[in-house]
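Notes for the one structure printed next.
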Amino acid sequence: MIGLIFDMDGVIYRGSRPVDGARELIEFLKERGIPFIFLTNNSTRDPAMYREKLLSMGIDVPEEVIITSGLATRLYMEKHFEPGKIFVIGGDGLRREMERLGWGVVGLEEARNGGWREVEYVVVGLDPGLTYEKLKYGTLAIRNGAKFIGTNPDTTYPAEEGIYPGAGAIIAALKASTDEEPLIIGKPNEPAYEVAKERLSKLGKVDEIWMVGDRLDTDIAFAKRFGMKALMVLTGVSNPKDVEETGIRPDLILPSVKELLNYLKTLVEASE
Ligand SMILES: [Mg+2]
């Protein structure tokens, strides 16, 4: 059976508006029992917060199908690393995921009192409340031997007033101040694939994965790297001209998820 991985922003919705056809597509997949998950590089919200956001657009899915880069970071750390204290530079969603690990999160107050010396992991995502002090303690901890982990590589993201700095820009600051290379969890990297594949396999017997995304350098590159079918939609960041310029080639380009629904219906009917 095929299983689908959807990016969210620019695919399922834009800002707070659903893309035309997204709700119908998800209903169709649920009816047919076709396994799917949502995989976002955003770490500022957690899956419960995303479930609410989707629900407000009429898209009703269980929390377990939503994977943020913050959740992926937690699952990956749980599986591969020994417990140790964490210093978080990131939003509420990431902080909650790190608290759920139960390894101990060192707060700013504790860091100021010398707690940064006990930090074993510095985990960095998009932090709307970023301060120099957070960068300072992150730098001190990494220079003191803490492992440097980034939730996702995106240096920018599109928002209301234009292009904003993303997690990758904050990670770049710490790379500059520590001379260390971080482990980056999110798309297009291997940890995100490992976590997503494992979650999909819990939902059904999947022998072919389709990755549906709007961004060539994350979604489509991710699909190509790990042997997934790469479906690009044109409701988000990248456009066909970018395909020519980057040489990152999707297997299929569709205007939006609405056409994807028609395509899937044709496939499913043909196999019946
Ligand atoms: Mg996107």
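What follows is calculated from the coordinates using simple rules that are stated; it is not laboratory data. Everything numeric in this text was worked out from a predicted model, so none of it was measured. Neighbour counts are summed over all protein chains in view; Cβ atoms, including those assigned to glycine, are modelled from backbone coordinates with ideal geometry.
Here are the numbers for this structure:
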{"item": "Residues Asp154, Asp9, Asp92, Asp207, sorted so that the one with the fewest Cβ neighbours within 10 Å comes first", "result": "Asp207, Asp92, Asp9, Asp154"}
{"item": "Relative contact order, percent, segment 139-256 [alpha-carbon distance under 8 Å, six or more residues apart]", "result": "18"}
{"item": "Estimated 222 nm signal from helices in the chain, with DSSP H stretches of n ≥ 4 weighted -39500 (n - 2.57), rounded to 500", "result": "-12000 deg cm²/dmol"}
{"item": "Linear extension gain, Glu31 paired with Glu99, 0.36 nm per residue minus alpha-carbon span", "result": "20.9 nm"}
{"item": "Under 16 Å from Lys134, Cα to Cα: aspartates and glutamates that are on another chain or at least 8 residues apart", "result": "Asp92, Glu109, Glu110, Glu118, Glu120"}
{"item": "At R0 = 41 Å, FRET efficiency that the Cβ-Cβ distance of Glu208 and Arg112 yields, to 0.05", "result": "0.20"}
{"item": "Computed FRET value (nearest 0.05) for Ala159 with Glu133, which takes r as the C-beta separation and R₀ as 25 Å", "result": "0.50"}
{"item": "Full-stretch length increase - Lys241, His80 - with 0.36 nm per residue and alpha-carbon distance subtracted", "result": "54.0 nm"}
{"item": "Surface/4 of the Cα convex hull for the chain, nm²", "result": "14.4"}
